[in-house]
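One structure is given here, and the rest of the page talks about it.
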Amino acid sequence: MNAVTQAALPAAKRCPSYYSATLNQETHYPTLQGHHSVDVVIIGGGFTGVASAVELAERGLKVALVEARKIGWGATGRNGGQVTGSLSGDAAMRKQMGKTLGAEVDDFIWQLRWRGHQIIQQRVARYGIACDLKHGHLHAAMKASHMAELEAAYEEAVRRGMGAEVSLLDGAGVRSHLGSELYCGALKNTRNMHLHPLNLCLGEARAAEGLGALIFEHSEVLQIVHGAKPAVITAEGRIDARQVLLAGDVYHKLEPQKLKGMIFPAMGGIVTTAPLGELAKAINPEDLAVYDCRFVLDYHRLTADGRLLFGGGANYSGRDSRDIAAELRPGIERTFPQLKGVPIDFQWSCAMGIVMNRIPQLGKLSDHVWYCQGYSGHGVATSHIMGEIMAEALTGSLERFDTFAACPQIKVPLGAQLGNPMLAVGMWYYQLLEKLR
Ligand SMILES: Cc1cc2nc3c(=O)[nH]c(=O)nc-3n(C[C@H](O)[C@H](O)[C@H](O)COP(=O)(O)OP(=O)(O)OC[C@H]3O[C@@H](n4cnc5c(N)ncnc54)[C@H](O)[C@@H]3O)c2cc1C
């Protein structure tokens, strides 16, 4: 324990948000103390860590999950709650994975695109998780040039037998679904879902616990011990394991030699309005989640108690916003002018982990220590797919893991100084292209 010099984090509270104000049941998992031994220890209690814990515990392994703050404290408990088939980096994935998968790459990506939906639905049903899960989504065009992308997605869905779950809408069609004049078309998808992400995560943690997993909060892992018998060390405890999975996304500072400069924070802000009453039905009668086609997009949906939840405009400099409500109100009023002046009850922000080529980073730090991170803003479904892939890998089936691990993982030299400026420039460039298309 002598190598551990960093002080433990002070006991963290949840970020005040609509989600933390409406969670089903607060967690009170113990701080890690003393010495434990398990098959797999997982670092990080977001969707990646918790979903992996459920998968591994369902396979009969003894699992420990160690979270620095509270379960669901990071992006998992603060996101837009949209469960969509959009994988970050699918174009880059197709290019890179095509090198190993050849002609099968399109089928591989298509299966991957929807696997997270199945896992979430099955888990919600099996463990009785109350998380306001609803079906229905619009990918909305803000100008005519956006329609080509939506038409291509529609045609692929129809070709692959998903025709009953998708439809293309023109401007009038969108207006019959949303009380908004902003959009000139949309792809409607009833397989996509939306939900209360914090309640899903906490429900999954309870499921893992029910399967025998040990869960610790307020227990920052300060060091990973490598070797034939790896271990994780916190300020007051140690867990020995046969394998370690690092699932701390953009929040961890562990293993800098290998991982520093590979993942960068972009700050995203979200607000929820006061409950809208009858107006909620007027602006979104089918209770659909919506995001638009831009590179830096806005997204919105209703909450179970009829508020508008609205997010957008990620800040790629990595700096937090001072007044999220003031930044997002113009977007709300542009989308729904009938909400002019609507009270904002909750506002919060959170860092999402962005990786340069947008391909989730899966890999090994040593023989028995693994990592999985970086969904670049598309992590609700993806983290559940990754939980399954990591559980397969840790139990000996490496096929899907190897397909991801073979993709290049871009490391920015002087990442702490250059990473976010490079991201900001990249996004500025994409936004410029966006204006021109
Ligand atoms: C504003 C916003 C909106 C988003 N909206 C959507 C959306 O609508 N749909 C979608 O698909 N995706 C969305 N995302 C992305 C999605 O939320 C994330 O990709 C996903 O939650 C990442 O899960 P994770 O478990 O990998 O990371 P996180 O949820 O960030 O969890 C990492 C956890 O690791 C813990 N940790 C870190 N270091 C240590 C350590 N040393 N010891 C112990 N624990 C540690 C942290 O405390 C944290 O709890 C959004 C993200 C943001 C920020």
> Just a yes or no: is a residue in the range 7-29 surrounded by 23 or more Cβ atoms within 10 Å (Cβ to Cβ), among the β-branched types (Val, Ile, Thr) and modelled with pLDDT of 95 or more?
Replying inline: no
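Mind telling me which of the residues ALA186, ALA130, ALA152 ends up being surrounded by fewer than 18 Cβ atoms within 10 Å (Cβ to Cβ), of a type in the set (A, V, I, L, M) and not in a helix (DSSP H, G or I)? Don't jump to the end; show me each part of the working.
Numbers: ALA186 fails: surrounded by fewer than 18 Cβ atoms within 10 Å (Cβ to Cβ); ALA152 fails: not in a helix (DSSP H, G or I).
The unique qualifying residue is ALA130.
Given the criteria touching a Gly at 6+ places or on another chain (Cβ under 9 Å) and assigned to a strand (DSSP E or B), does GLY261 qualify? Break it down stepwise before answering.
Numbers: touching a Gly at 6+ places or on another chain (Cβ under 9 Å): yes; assigned to a strand (DSSP E or B): no.
For GLY261, the condition - touching a Gly at 6+ places or on another chain (Cβ under 9 Å) and assigned to a strand (DSSP E or B) - is not met.
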> For the range 77-115, how many residues are over 11 Å from the mean Cα position of the chain (by Cα), surrounded by 22 or more Cβ atoms within 10 Å (Cβ to Cβ) and not aliphatic (A, V, I, L, M)?
Replying inline: 1
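Quick check, is ALA228 over 25 Å from the mean Cα position of the chain (by Cα), surrounded by fewer than 21 Cβ atoms within 10 Å (Cβ to Cβ) and either in the same structural domain as PRO16 (by TED's automatic domain parsing) or closer than 30 Å to LYS411 by Cα (or both)?
On the way: over 25 Å from the mean Cα position of the chain (by Cα): yes; surrounded by fewer than 21 Cβ atoms within 10 Å (Cβ to Cβ): yes; either in the same structural domain as PRO16 (by TED's automatic domain parsing) or closer than 30 Å to LYS411 by Cα (or both): yes.
It is true that ALA228 is over 25 Å from the mean Cα position of the chain (by Cα), surrounded by fewer than 21 Cβ atoms within 10 Å (Cβ to Cβ) and either in the same structural domain as PRO16 (by TED's automatic domain parsing) or closer than 30 Å to LYS411 by Cα (or both).
Let's see how each residue does on (1) surrounded by fewer than 18 Cβ atoms within 10 Å (Cβ to Cβ); (2) over 24 Å from GLY387 (Cβ atoms); (3) in contact with a His (Cβ under 6 Å, 6 or more places away or on another chain):
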residue: ALA241; (1), (2), (3): no, no, no
residue: MET267; (1), (2), (3): no, yes, no
residue: VAL271; (1), (2), (3): no, yes, no
residue: PRO275; (1), (2), (3): yes, yes, no
>> So if I check each of GLY363, GLY396, which one is part of a strand (DSSP E or B), modelled with pLDDT of 95 or more and assigned by TED's automatic domain parsing to the domain that holds LEU254?
In response: GLY363
> Only one of (1) modelled with pLDDT of 95 or more; (2) more than 10 Å from the ligand (Cβ to nearest atom) is not met by LEU246, so which one is it?
Replying inline: (2)
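Which one of these is away from the ligand (no atom under 16 Å from the Cβ), out of contact with any Asp or Glu (no Cβ under 7 Å at 6 or more places or on another chain) and assigned by TED's automatic domain parsing to the domain that holds THR335: GLY185, GLY210, GLY171? Walk me through how you get there before you give the answer.
Values: GLY185 fails: out of contact with any Asp or Glu (no Cβ under 7 Å at 6 or more places or on another chain); GLY210 fails: assigned by TED's automatic domain parsing to the domain that holds THR335.
Every option except GLY171 fails the conditions.
Go through the range 51-71 and give me each residue that's more than 7 Å from the ligand (Cβ to nearest atom) and under 15 Å from GLU217 (Cα atoms). First the steps, then the outcome.
Start the filter on the range 51-71 by keeping residues that are more than 7 Å from the ligand (Cβ to nearest atom), which leaves 51-65, 70-71.
Matches in the range 51-71: ALA53, VAL63, ALA64, LEU65, LYS70, ILE71.
If you scan the range 249-305, which residues turn out to be of a type in the set (Gly, Ala, Ser) and within 15 Å of the ligand (Cβ to nearest atom)?
Going residue by residue through the range 249-305, those that are of a type in the set (Gly, Ala, Ser) are 261, 266, 268-269, 274, 277, 280, 282, 289, 304.
ALA266, GLY268, GLY269, ALA289 - these are the residues of the range 249-305 that are of a type in the set (Gly, Ala, Ser) and within 15 Å of the ligand (Cβ to nearest atom).
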> Inside the range 354-386, can you point out the residues that are among the small types (Gly, Ala, Ser) and either closer than 22 Å to MET193 by Cβ or away from the ligand (no atom under 14 Å from the Cβ) (or both)?
Replying inline: GLY363, SER366, SER376, GLY377, GLY379, ALA381, SER383
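The values are calculated or read from the model by the stated rules, or taken from the named source; none is laboratory data. The shown structure was predicted, so the numbers you read here are calculated from the model rather than taken from an experiment. So basically every Cβ, Gly included, is an ideal-geometry build from the backbone, and we count neighbours across all protein chains shown.
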